[in-house]
Amino acid sequence: MRTNHHSHPIPIPNDAARRAQWIIGELKLAGSSLAAIALELNCSRQAGALALRMGSQRWEAAIASKLGRSLHELFPDRYDKTGRRLRQTRGVTQVAA
């Protein structure tokens, strides 16, 4: 985990937009990027930006792997603590079957 100048861990932001920027920064620190993951997944770079906003299990798994984090840590609004995908259905979050 990245630390600030006082050597305290920088927590993962709760806000989805800030969390997306944090993820991009963490990927850079890890020597990677959305563009690099796009090449690995044979996708466009735009797909990575869209995945951060809209969600994509494939992209989320690749990002979590690069950062050594759980899906729930990085995307708590999309995954439960066991790593099961949550889905939005008419405004209600449900566990995907």
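The values are calculated or read from the model by the stated rules, or taken from the named source; none is laboratory data. Because the structure is predicted, anything quoted here is derived from the model rather than measured. Virtual Cβ from ideal backbone geometry, glycine too; neighbours counted across all protein chains shown.
Quick notes
- Residue within region 56-66 that is of a type in the set (D, E, K, R), modelled with pLDDT of 90 or more and under 20 Å from ILE12 (Cα atoms) present: yes
- All helices (runs of 4 or more DSSP H) inside region 25-85 with 2 or more residues being without any contact (Cβ under 8 Å) to a residue 12 or more places away in the chain: 34-41, 45-54, 57-67
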